[in-house]
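Below is one structure, written out as C-alpha cells; the observations come after it.
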Amino acid sequence: MTSPLHIGLAGLGTVGAGVVKLLDANAGLIERRANRPIIVTAVSARDRSRERGVDLARFAWVDDATELAERDDVDVVVELIGGSDGPALVLARETLKAGKAFVTANKAMLAHHGLDLAQLAENTGAALKYEAAVAGGIPVIKGLREGAAANRIERVYGILNGTCNYILSRMEAEKLSFAAVLADAQRLGFAEADPSFDIDGIDAAHKLSILAAIAFGARIDFAHVAVEGIRHVAAVDIDHAATLGFRIKLVGLATEVDGELFQRVHPCLVPLAHPLAHVDGSLNAVVAEGDFVGRLFFSGRGAGEGPTASAVVADLIDVARGEVGPAFAMPTARLAALAPADTAAHVGRFYLRVMVADRPGVLAELTAALRDAGVSIESLIQRGPSGGEVHVVMVTHAVRQSAIAAALDRMATSNSVTAPPMMMHILDF
C-alpha cells in the first residue's frame, strides 16, 4: 500500500473540526480516490479544552502552529487560522520554505500575499492549494484554473458573500429593513458580531481579486478593487427594483480590457432573466464567460463546516495524487502586471434614487442636472404622498460612471433634494 499522506492541521474552529469529521466519515472513499490514506497526525489551536465534537486525543498537539511545518510526521499543513498576516502568514511561509504542501481557506492572506507565496511555492516545488478560499464548496478555482484553461476569459463575476446575499434575500422576501435583518442574522450566526468585512464588501473583494488573477493570468491586485457594500441599500430600493424587473445583489465583477484590469464589488440590479437573480439565501454563485466555452455558472453553498471542509479535502486529494502545478494557473513570472482600470470610465446603465420635496419644478431640476452631465433617462418613477417627501427613481441609458457622478453632485446642491442621492449599477450581460 502507498504510504499515507500525513496532515498537520492548524485551526480547529468550525471548518477545522469539519475537516477531521470528513476525513473520518469518508476515509475509504478518499483513500481510493487519492490512491493512499490521508490522515491527520498533528493539530494546533488556541484552546485545548474546547469541545469540538471530534476525538482529538489521537493527534499530537502543538501550541505553536509553526511547529507543524517542522515536524517529520507532517507532509501537508492545512491552515484554517485566518487573518491576512500574523500566525497564518508565518505558517504559510515556513511550510513552503520547508518544501511541504500548504492548503488554506484564507482568502485575505492570498489577496494580500498570494503572489509572494506562489513564488515561494515554485522555488521549493511545493503545492499551494486554496480551493476553499473562494466560494466554499463550489469548485470554481479548479474550474477556472483547469476546466477553462484553454479559454480567454472575457469576464468573471458573481455573488461572493453569503452574508450579504442572505440579508438582501430576506429584505426582499419579508419586506424588512437592512438593520432589522442584520440584527437577526447576527443572532442566528449568519453574520459576525462585527459584520464590517462582509457587509462593506471587503470579503467579496478578497475573493474577486483571487478569481481575477486566475481568470486573466494577472498578478493579484486587491489594492485596486473598487469596493462598495450594502449598508445604504434600503427596502424601498428592493421594492423599486422589483417593479422595474430586477433583484438587488452584491456582485463582484472583474474584466480585462486593453491591458487594464477592472475590478469592482458593488450592489447591483440584476435582471430577473439572469441566473444570478435567483441565487438566494446564503448561497454563492460565480459566472465565468470564455471565448470558446461560453457562460459557465457555478453555484452552491459558499461557507460553513461541510462545504468548506469539502474543498479543503479535495485539495488534499490533489496533493496526495502528486498534483502540484502553479498556484495561479501559470508560473508567477508569466503573470501579467495589468494596470488598474479607471472605474469612473465604466459605461453602463444606472439606477438612481433621489428623495425630494414634492413641489413644482423639482423634476425639471433633476432632469436638468442629468442633461447638463450628458445623462439620458430610460425610465422614471415617482412615489410618495402629495405635498410631502417623495422618491424619484430613474433608470438611465448607458453612460460613463463619471457622468452619473457629476449629475449626482449637481442634484445634491439643490434645496429640493432632502437626502444624499443614491446610485446602483445595473448588470447588463
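The values are calculated or read from the model by the stated rules, or taken from the named source; none is laboratory data. Predicted model only: the values in this text are computed from it and were never measured. We place every Cβ from the backbone using ideal geometry, glycine too, and count neighbours over all the protein chains shown.
If A344 satisfies every condition in (1) of a type outside the set (S, T, N, Q); (2) within 30 Å of G259 (Cβ to Cβ); (3) surrounded by 14 or more Cβ atoms within 10 Å (Cβ to Cβ); (4) touching a residue at least 40 places away in the same chain (Cβ under 8 Å) but one, which is the exception?
Only one criterion in (1) of a type outside the set (S, T, N, Q); (2) within 30 Å of G259 (Cβ to Cβ); (3) surrounded by 14 or more Cβ atoms within 10 Å (Cβ to Cβ); (4) touching a residue at least 40 places away in the same chain (Cβ under 8 Å) is unmet by A344, namely (3).
What single numbered condition from (1) crowded, with 19+ Cβ neighbours inside 10 Å; (2) modelled with pLDDT under 95 fails to hold for R264?
Just one mismatch for R264, condition (2).
Residues checked against (1) assigned by TED's automatic domain parsing to the domain that holds G16; (2) at pLDDT 95 or above; (3) within 14 Å of the chain's Cα centre (by Cα); (4) part of a helix (DSSP H, G or I):
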| site | (1), (2), (3), (4) |
| --- | --- |
| M109 | yes, yes, yes, yes |
| L120 | yes, yes, no, yes |
| N123 | yes, yes, no, yes |
| R155 | no, yes, no, no |
| A185 | no, no, no, yes |
| F190 | no, no, no, no |
| K207 | no, yes, yes, yes |
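Kindly provide the set of residues from region 161-198 that are crowded, with 23+ Cβ neighbours inside 10 Å and out of contact with any strand residue (DSSP E or B) (no Cβ under 7 Å at 6 or more places or on another chain), ordered by number.
Result: T163, I167, M171, L182, D198.
Just to be sure I understand, how many residues within region 58-100 are within 28 Å of the chain's Cα centre (by Cα), in a loop (DSSP other than H, G, I, E, B) and closer than 19 Å to I317 by Cα?
Residues in region 58-100 being within 28 Å of the chain's Cα centre (by Cα), in a loop (DSSP other than H, G, I, E, B) and closer than 19 Å to I317 by Cα: 2 in total.
Determine which single condition A148 fails, assuming it passes every other condition in (1) out of contact with any helix residue (DSSP H, G or I) (no Cβ under 7 Å at 6 or more places or on another chain); (2) crowded, with 24+ Cβ neighbours inside 10 Å; (3) over 25 Å from G83 (Cβ atoms); (4) among the aliphatic types (A, V, I, L, M).
Going through (1) out of contact with any helix residue (DSSP H, G or I) (no Cβ under 7 Å at 6 or more places or on another chain); (2) crowded, with 24+ Cβ neighbours inside 10 Å; (3) over 25 Å from G83 (Cβ atoms); (4) among the aliphatic types (A, V, I, L, M) one by one, A148 breaks only (2).
Go through (1) within 15 Å of A17 (Cα to Cα); (2) in a strand (DSSP E or B) and name the single condition V103 misses.
So the condition that V103 fails would be (1).
Check D47, D24, D55 and return the single one that is exposed (fewer than 15 other Cβ atoms within 10 Å of the Cβ), in contact with a helix residue (DSSP H, G or I) (Cβ under 9 Å, 6 or more places away or on another chain) and not in a strand (DSSP E or B).
Working: D47 fails: in contact with a helix residue (DSSP H, G or I) (Cβ under 9 Å, 6 or more places away or on another chain); D24 fails: in contact with a helix residue (DSSP H, G or I) (Cβ under 9 Å, 6 or more places away or on another chain).
D55 is the lone residue from the list that is exposed (fewer than 15 other Cβ atoms within 10 Å of the Cβ), in contact with a helix residue (DSSP H, G or I) (Cβ under 9 Å, 6 or more places away or on another chain) and not in a strand (DSSP E or B).
Look at L9 and say whether it is surrounded by 15 or more Cβ atoms within 10 Å (Cβ to Cβ), in a helix (DSSP H, G or I) and touching a residue at least 24 places away in the same chain (Cβ under 8 Å).
Spelling it out, it is not the case that L9 is surrounded by 15 or more Cβ atoms within 10 Å (Cβ to Cβ), in a helix (DSSP H, G or I) and touching a residue at least 24 places away in the same chain (Cβ under 8 Å).
Of the residues G300, G281, G290, G245, which single one is under 23 Å from A149 (Cβ atoms) and out of contact with any strand residue (DSSP E or B) (no Cβ under 6 Å at 6 or more places or on another chain)?
G300
Please specify each residue of region 354-396 satisfying the condition of being in a helix (DSSP H, G or I), surrounded by 12 or more Cβ atoms within 10 Å (Cβ to Cβ) and among the aliphatic types (A, V, I, L, M).
Of everything in region 354-396, those that are in a helix (DSSP H, G or I), surrounded by 12 or more Cβ atoms within 10 Å (Cβ to Cβ) and among the aliphatic types (A, V, I, L, M) turn out to be V362, L363, L366, A368, A369, L370.
Does region 199-226 hold any residues that are closer than 12 Å to L250 by Cβ and not acidic (D, E), and which are they? Full working, then the answer.
Of region 199-226, the ones closer than 12 Å to L250 by Cβ are 199-205, 207-208.
Once the filter is applied, which keeps residues that are closer than 12 Å to L250 by Cβ and not acidic (D, E), region 199-226 yields I199, G201, I202, A204, A205, K207, L208.
Would you mind telling me which numbered condition in (1) more than 30 Å from L96 (Cβ to Cβ); (2) in contact with a His (Cβ under 9 Å, 6 or more places away or on another chain); (3) modelled with pLDDT of 95 or more P340 fails?
Every listed condition holds for P340 apart from (1).
Answer yes if at least one residue in region 399-418 is surrounded by fewer than 16 Cβ atoms within 10 Å (Cβ to Cβ), part of a strand (DSSP E or B), in contact with a strand residue (DSSP E or B) (Cβ under 9 Å, 6 or more places away or on another chain) and outside the structural domain of D258 (by TED's automatic domain parsing), and no otherwise.
Checking region 399-418: not a single residue is surrounded by fewer than 16 Cβ atoms within 10 Å (Cβ to Cβ), part of a strand (DSSP E or B), in contact with a strand residue (DSSP E or B) (Cβ under 9 Å, 6 or more places away or on another chain) and outside the structural domain of D258 (by TED's automatic domain parsing).
Could you check region 285-328 and list, in sequence order, the residues that are part of a loop (DSSP other than H, G, I, E, B), under 19 Å from the mean Cα position of the chain (by Cα) and among the hydrophobic types (A, V, I, L, M, F, W, C)?
First, pick out the residues of region 285-328 that are part of a loop (DSSP other than H, G, I, E, B): 291-293, 302-304, 321-328.
Of the ones still in play, those that are also under 19 Å from the mean Cα position of the chain (by Cα) are 302-304, 327-328.
Residues satisfying the conditions are A303, A327, F328.
Could you figure out which of (1) under 15 Å from G162 (Cα atoms); (2) in contact with a Lys or Arg (Cβ under 7 Å, 6 or more places away or on another chain); (3) part of a strand (DSSP E or B) isn't true of L253?
Unmet condition: (1).
Please indicate, with yes or no, whether at least one residue in region 315-330 is surrounded by fewer than 19 Cβ atoms within 10 Å (Cβ to Cβ), on the phi < 0 side of the Ramachandran plot, without any contact (Cβ under 8 Å) to a residue 60 or more places away in the chain and not assigned by TED's automatic domain parsing to the domain that holds A212.
For region 315-330, residues surrounded by fewer than 19 Cβ atoms within 10 Å (Cβ to Cβ), on the phi < 0 side of the Ramachandran plot, without any contact (Cβ under 8 Å) to a residue 60 or more places away in the chain and not assigned by TED's automatic domain parsing to the domain that holds A212: absent.
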